[in-house]
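*Asks:* Below you will find the structure I want to go over with you.
The values are calculated or read from the model by the stated rules, or taken from the named source; none is laboratory data. The structure displayed is predicted, hence computed values, not measured ones. When we count neighbours, we look across all protein chains shown, and the Cβ atoms used for this are built from the backbone with ideal geometry, even at glycine.
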Amino acid sequence: MMKNFLFFGALMLASTISAQRTCGFDKKRQEYFAKNPQAAAKHVDLQNYLSNKNNATIQGVVTIPVVVHVLYRNATENVSDAQIASQITVLNQDYRKLNADFNTVVPDAFKPYASDMEVVFCMATKDPNGNPTTGVERKAVPSNFDYTNQYFTSAGLAAWDTTKYLNIWVGVPEGVLGFATGPDSAGQPEDGLVIGYYCFGTTGAVNNINNKGRTATHEIGHYFGLNHIWGEDDSLCGTPENSDGCNDTPATNNAYYGAPLFPSNQHTCTNTAIGAMFMNYMDYVDDGVMGMFSNDQKTIVRNSISGPRASLLNSNTCTTLSVSEAEKINAVNIFPNPTTQYISIAAPQMKINEMEIFNAEGRLVKRAFVKNETDKIDIKDFSAGVYYVRVYKDKQFVKSLKFIKK
Ligand SMILES: [Zn+2]
């Protein structure tokens, strides 16, 4: 009996960390509305505003600063900087229609509806006090930590100003791969995303189903006002609750899971030759099967960035980047780290020629000019501790890094 119970328990655990897509967005929104009737009363007006093609005031590519709060109970959950960087890379591909799997995942019939969202993401280089940062915070939490309700409290890690940063908490959102708050909650202390450590990015602790970083792509869609393809109610056709506010995503009445065969009318409200757009990031298929946002979804995201989320663009907390620059910058690193005698800058795809080193209090302790990647910057007289490095290319700030002096 006990054995069976343990076996069942192990299955339950496995199902929460490697599974078909589950998302807590609708549930969290209902909880928020239950506590904030004023926000609930404005919801329909907000959705109508977001769906209106005439509302966007922003043009071109916009950059969203990101802070990642890692809340971990053990070493596995304390995801690496490389895993975090891999997630930012995915976002910068998916939100620019640069994902390498686009041509294989999106059928020709849906390609005309696919959109470059013209949104890029960068790790914050300044914290809310203006001090240099890598945009990553970490904290060990107890084994009984309640990720669903405590992530943004002092028991977890409080958000950085939610009007200026997209806050992402990485941990164990119980029972789902992740959840987000929508524009209804813009600026609230809990505003942002919670993503499972097992489905964040493409490397490290990710499992083998949710391993393409699409959980964060999906949840950021919600953060910018997108509903699931089937709308806010997954059992109806032809009602306002059934609509996602987009004319170019065929109406469906349920989620698609796993890896469906194209075309599918299994859950469409009206059967058509091309069927459902199940490969949309806002459906529930596996990471390796989704690969597009639609043009009408872009309208909603752009309206959100012009309206309830406009303050993100004025926060000036990270450098504006193009995607190719972002990839070059991702490759910039310090070595050795930790170190005792010196540091060098590895920058295989760009020329770094200046750096500033700050101590943990934010005071500048050294400025150095760099000619070659092999140049060794002497730090042997520094006291032991954490140091922040701002690196520059031709006087232009490039990136914040961190090293440990032993
Ligand atoms: Zn969702």
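*Asks:* Mind telling me which of the residues Ile343, Ile334, Ile352 ends up being in a loop (DSSP other than H, G, I, E, B), among the aliphatic types (A, V, I, L, M) and surrounded by 13 or more Cβ atoms within 10 Å (Cβ to Cβ)?
*Replies:* Numbers: Ile343 fails: in a loop (DSSP other than H, G, I, E, B); Ile334 fails: in a loop (DSSP other than H, G, I, E, B).
From the options Ile343, Ile334, Ile352, the qualifying one is Ile352.
*Asks:* Hey, another quick one. Tell me, yes or no, whether the range 167-177 has at least one residue that is among the β-branched types (Val, Ile, Thr) and either within 16 Å of the ligand (Cβ to nearest atom) or within 23 Å of Lys35 (Cα to Cα) (or both).
*Replies:* We begin by selecting, within the range 167-177, every residue among the β-branched types (Val, Ile, Thr); these are 168, 170, 172, 176.
Subsequent filtering for residues that are either within 16 Å of the ligand (Cβ to nearest atom) or within 23 Å of Lys35 (Cα to Cα) (or both) retains 168, 176.
Yes, there is a match, as at least one residue in the range 167-177 is among the β-branched types (Val, Ile, Thr) and either within 16 Å of the ligand (Cβ to nearest atom) or within 23 Å of Lys35 (Cα to Cα) (or both).
*Asks:* Pull up the range 210-251, narrow it to residues that are over 16 Å from Ser86 (Cβ atoms) and of a type in the set (Val, Ile, Thr), then point me to the one that is surrounded by the fewest Cβ atoms within 10 Å (Cβ to Cβ).
*Replies:* Thr239
*Asks:* Testing Asp296 on (1) more than 16 Å from the ligand (Cβ to nearest atom); (2) assigned to a loop (DSSP other than H, G, I, E, B); (3) modelled with pLDDT of 95 or more; (4) not polar (S, T, N, Q), one condition comes back false. Which one is that?
*Replies:* (2)
*Asks:* State whether one or more residues within the range 189-199 are in the same structural domain as Gln38 (by the TED database), surrounded by fewer than 21 Cβ atoms within 10 Å (Cβ to Cβ), at pLDDT below 95 and not aliphatic (A, V, I, L, M).
*Replies:* Kept after step one, since they are in the same structural domain as Gln38 (by the TED database), are these residues of the range 189-199: 189-199.
Retained after the next criterion (residues that are surrounded by fewer than 21 Cβ atoms within 10 Å (Cβ to Cβ)): 189-190.
Applying the additional criterion that residues be at pLDDT below 95 yields none.
No, that holds for no residue.
*Asks:* Between Arg390, Arg363, which is outside the structural domain of Gly182 (by the TED database), of a type in the set (D, E, K, R) and either buried (at least 18 other Cβ atoms within 10 Å of the Cβ) or in contact with a helix residue (DSSP H, G or I) (Cβ under 6 Å, 6 or more places away or on another chain) (or both)? It would help to see each step written out before you state the result.
*Replies:* Numbers: Arg363 fails: either buried (at least 18 other Cβ atoms within 10 Å of the Cβ) or in contact with a helix residue (DSSP H, G or I) (Cβ under 6 Å, 6 or more places away or on another chain) (or both).
Result: Arg390 is the single residue among Arg390, Arg363 that is outside the structural domain of Gly182 (by the TED database), of a type in the set (D, E, K, R) and either buried (at least 18 other Cβ atoms within 10 Å of the Cβ) or in contact with a helix residue (DSSP H, G or I) (Cβ under 6 Å, 6 or more places away or on another chain) (or both).
*Asks:* Answer yes or no as to whether Glu219 is within 16 Å of the ligand (Cβ to nearest atom), assigned by the TED database to the domain that holds Ser80, closer than 27 Å to Ile305 by Cα and among the charged types (D, E, K, R).
*Replies:* Against the criterion (within 16 Å of the ligand (Cβ to nearest atom), assigned by the TED database to the domain that holds Ser80, closer than 27 Å to Ile305 by Cα and among the charged types (D, E, K, R)), Glu219 qualifies.
*Asks:* Determine whether the range 224-237 contains at least one residue that is part of a helix (DSSP H, G or I), more than 11 Å from the ligand (Cβ to nearest atom) and within 16 Å of the chain's Cα centre (by Cα). It would help to see each step written out before you state the result.
*Replies:* Here is the first cut: in the range 224-237, the residues part of a helix (DSSP H, G or I) are none.
No - not one qualifying residue is present in the range 224-237.
*Asks:* Now a separate question. Considering only the range 197-216, state which residues are touching a strand residue (DSSP E or B) at 6+ places or on another chain (Cβ under 6 Å) and either more than 16 Å from Leu91 (Cβ to Cβ) or more than 12 Å from the ligand (Cβ to nearest atom) (or both). Spell out how you get there, then give the answer.
*Replies:* As a first pass, look at the range 197-216 and keep what is touching a strand residue (DSSP E or B) at 6+ places or on another chain (Cβ under 6 Å): 197, 200, 215-216.
Of everything in the range 197-216, those that are touching a strand residue (DSSP E or B) at 6+ places or on another chain (Cβ under 6 Å) and either more than 16 Å from Leu91 (Cβ to Cβ) or more than 12 Å from the ligand (Cβ to nearest atom) (or both) turn out to be Tyr197, Phe200.
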